[in-house]
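The values are calculated or read from the model by the stated rules, or taken from the named source; none is laboratory data. In this text, all values refer to a predicted model and were calculated from it rather than measured experimentally. Every residue, glycine among them, receives a Cβ derived from its backbone with ideal geometry; neighbour counts consider all protein chains shown. Just so you know, the surface numbers come from the protein's heavy atoms only, side chains and all, with ligands and any DNA or RNA stripped out. Shrake-Rupley method; radii C 1.70, N 1.55, O 1.52, S 1.80 Å.
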Amino acid sequence: LSIKALESVLSKGGNERLVRELRKQRTWTLVENPKTHHEGVCLLVRLLLRSGLITPEIIQSLLPWVNSPSENHRVTSTAFLAQLMSDPMLREKKFLKPVLHILEEKSHDRNSIVRQMAVRGLGNLVYGAPEKLKKHKKFLMVILIRALSDPFSSEVIGESMKAVAKVLKELKEKDIGSSFRDLTQEIRTYFDNEDDALRLWSFVLFGILARLTKRKWKGYFAEQVRQSWVTLLLHLQDPNPRVSVECRATFHLCVPFLGLKRLQTAVNEHLDGTAELKPEELQVDICRHL
């Protein structure tokens, strides 16, 4: 009934194009299903923002929901704020600081979907207020690294990995500070995880760290590569093709940290370009050089 009412309001308000887009992207189906409700809310908010239909009054009316005893209200409102974080409106209307603190609180919520949405929202700061990212970098990294070891939900861990990737792409080595050590160690624990998505994102993040590492953490990261390179080599033949491709890119970025020039030349011959990888030949060449 709520969905029908909202669709009717949008239609009567002259937003027929928006209504068609909502139907086309199956927004209402996502919202109606409890398992996908949070994704539906994010999509709904994204399209409403694009149409200029989210006002400060609407934001203000939803804020009390985040502390509701009802998990449904907390899921809906946190998903709403997670998507809102990607829009400059939060900064322009002075909502950014209170929403950041709300998301920090919700990252501890007992409901795993609320925690997942809180982490997504923090990562979306990259889009909504990129100029504020360095100011809040320490605050963000502490929460996101903690979420990487969520004991109950692989979805929270995966969401944190995606958020960390967004944040790291906007920072330099010196911006990460002591979080570099904790982050590197946490990422490595997922190289052999049974979840394909977590393995894939762990290789993505390790590759991003390899690109970031210049001077301060070069020695430390080189040691992490030395401890990981056999695992990386094995996952070049990961049963999931997407994971294998991502591992290939990361392995290529990490080999220089081993400091073995002839080995690096041999590896480059196998990994440069887009030619099909022949893992057995690569392993033979690596063993010969070692």
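For segment 129-224, what mean projected area does the convex hull of the alpha carbons give, in nm²? Mind showing how you got there, number by number?
On the way: hull surface 23.6 nm².
It is 5.9 nm².
What ranking, highest mean first, results for peptides 239-251, 54-66 when packing means the other Cβ atoms within 10 Å averaged over each residue?
Highest mean packing first, the order is 239-251, 54-66.
Taking the Cα centre of segment 115-260 as origin and assigning +1 to Lys and Arg Cβ atoms and -1 to Asp and Glu Cβ atoms, the resulting dipole is close to 900 debye. Straight-line cross-link partners of Lys216 among the lysines, defined as a Cα under 19 Å from its Cα and at least 8 positions apart when in the same chain: Lys134, Lys137, Lys138, Lys169, Lys172, Lys174.
Got a sec? Charge dipole of segment 1-111, +1 on Cβ for Lys and Arg, -1 for Asp and Glu; which of Trp65, Thr76, Ser51 is way out at the positive end? Going by the charge dipole, the pick is Ser51. Toward the positive end of the charge dipole of segment 12-121, with +1 on the Cβ of Lys and Arg and -1 on the Cβ of Asp and Glu, the farthest Cα among Gln116, Gln25, Leu100 is that of Gln25.
The magnitude of the dipole of the chain, with charges of +1 and -1 set on the Cβ of Lys/Arg and Asp/Glu and taken from the Cα centre, is near 1140 debye.
Do any GluC sites (Glu not before Pro) in segment 131-234 lie in a loop, going by DSSP, with at most 16 other beta-carbon atoms within 10 Å of their beta carbon, and if so which?
Details: sites: Glu131, Glu155, Glu159, Glu170, Glu173, Glu186, Glu194, Glu223; in loops: Glu170, Glu194.
Counting only loop positions with at most 16 other Cβ atoms within 10 Å, the GluC sites (Glu not before Pro) in segment 131-234 are Glu170, Glu194.
Using alpha carbons only, the radius of gyration of the chain set against its Kirkwood radius gives Rg/Rh = 1.05.
For the chain, the per residue solvent-accessible surface stands at 52 Å², with DNA, RNA and ligands left out and a 1.4 Å probe.
Taking R0 as 41 Å, what's the FRET efficiency between Leu53 and Arg288 from their Cβ-Cβ distance, rounded to 0.05?
Details: r = 64 Å, r/R0 = 1.56.
Result of the calculation: an efficiency of 0.05.
Once you sort the root eigenvalues of the Cα gyration tensor of segment 23-72 as a ≥ b ≥ c, which label holds: rounded (a/c under 1.5), prolate (a/b larger than b/c) or oblate (the other case)? Taking the square roots of the gyration eigenvalues as a ≥ b ≥ c, segment 23-72 is oblate. With each label point set 7 Å from Cα along the Cα-Cβ vector, what nm distance links Phe152 and Leu260? About 4.5 nm separates the two model spin labels. Taking 0.36 nm per residue of sequence separation and removing the Cα-Cα distance, the Lys138/Val9 pair yields an extension gain of 42.2 nm.
In whole percent, and with a 1.4 Å probe on the protein chains, what portion of the accessible area of segment 1-132 is carbon and sulfur?
Working: 3670 of 6910 Å².
That share works out to 53 percent.
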